1. Roughly what % of DSSP beta bridges within the chain run antiparallel, to the nearest 5?
2. Normalising by the residue count of the range 139-221, find the relative contact order in percent from Cα pairs under 8 Å and 6+ residues apart.
3. Taking every Cα atom in the range 30-83, find the radius of gyration and the maximum pairwise distance Dmax, and write them in Å.
4. Amide H to amide H, which residues 5 or more places from residue 199 or on other chains are under 5 Å from it, using H placed in the peptide plane?
5. Calculate for the chain the 222 nm mean residue ellipticity that helices alone would give, adding -39,500 (n - 2.57) per DSSP H run of length 4 or more and normalising by residue count, nearest 500 deg cm²/dmol.
6. When the Cα centres of the range 139-201 and the range 20-56 are compared, how far apart do they sit, in Å?
7. Could you please report the charge total around residue 20, scoring K, R as +1 and D, E as -1 over all other residues with beta-carbon less than 11 angstrom from its beta-carbon?
8. Quick one: what are the phi-derived ³J(HN,Hα) couplings along the range 91-102, Karplus 6.51/-1.76/1.60 with θ = phi - 60°, whole Hz, x for glycine and proline?
Amino acid sequence: MLISLREITKTYRMGEVDIPALRGVAQEIAAGEFMAIMGPSGSGKTTLLNLLGCLDRPTGGQYFFEGEDISRHGEDELARIRNQKMGFVFQNFNLLTRTTALDNVLMPLLYGPRLSAREKQDRAKAMLERVGLGDRMHHHPSQLSGGQQQRVAIARALINQPSLILADEPTGNLDTRSSREIMTIFQELNAEGITVVMVTHEEDIARYAKRTVHMRDGVVV
């Protein structure tokens, strides 16, 4: 099992008030799954995705990743896991605007495995070619369509050869055609063995996944 969540809770403190975002989530995600998380605004789906990606830590419960309880790890160890085992794709692409597509994809390698400059360049070019942007690698984000920018973000997520891709509303800013193209890429990556967990509020996008879980009020329903 790639991921095992045991009674995960997350509570945010706002002044004097405790606001529970997750209320005892138990979930298992097998290696090679493509899972969609759906739910209304405020249901806890993005909080759950952030916990899965070690961008936040639970208030209670246990998070096992590749058999290791990482819910109590320190920040340095969590950063290592994020960088080496996980790739992230966001709704707003999160690209550096003054940097080429190639240099955006190279960014995670600054903190990743020790490769020569040539090896890094070759890997980044291969990732861009993998998502169909071999002829756009020297373009800046402003010279790319929304769908192309999201492909750059996917290439960046793949650069350290992660076992898990986490996507938060990856088609939220895209038109229908671009959304289909992006979801086809996710399906192809999943077919190659990469686990994909995606938050979406769109039923037609969730249908690309193999399994959908629905959240409401901080629990899986």
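1. Working: 19 of 37 bridges.
Rounded to the nearest five, the antiparallel share is 50 percent.
2. Details: 59 pairs, mean separation 24.4, N = 83.
With pairs under 8 Å counted, the relative contact order is 29 percent.
3. 12.1, 33
4. 37, 167, 168, 169
5. Numbers: 7 runs with 72 residues, N = 221.
Estimated from H runs of four or more residues: -9500 deg cm²/dmol.
6. Cα centroid to Cα centroid, the span is 18 Å.
7. Values: positive: 10, 13, 23; negative: 18, 217.
That works out to +1.
8. Result, ordered by residue: 4, 9, 6, 6, 8, 6, 5, 9, 10, 5, 4, 4 Hz.
Where a number appears in this text, it was derived from the coordinates with a stated rule and is not lab data. This one's a predicted model, so the numbers in the text were calculated from it and none came from an experiment. Ideal geometry is used to build each Cβ from the backbone, glycine not excepted, and the neighbour counts take in all protein chains shown.
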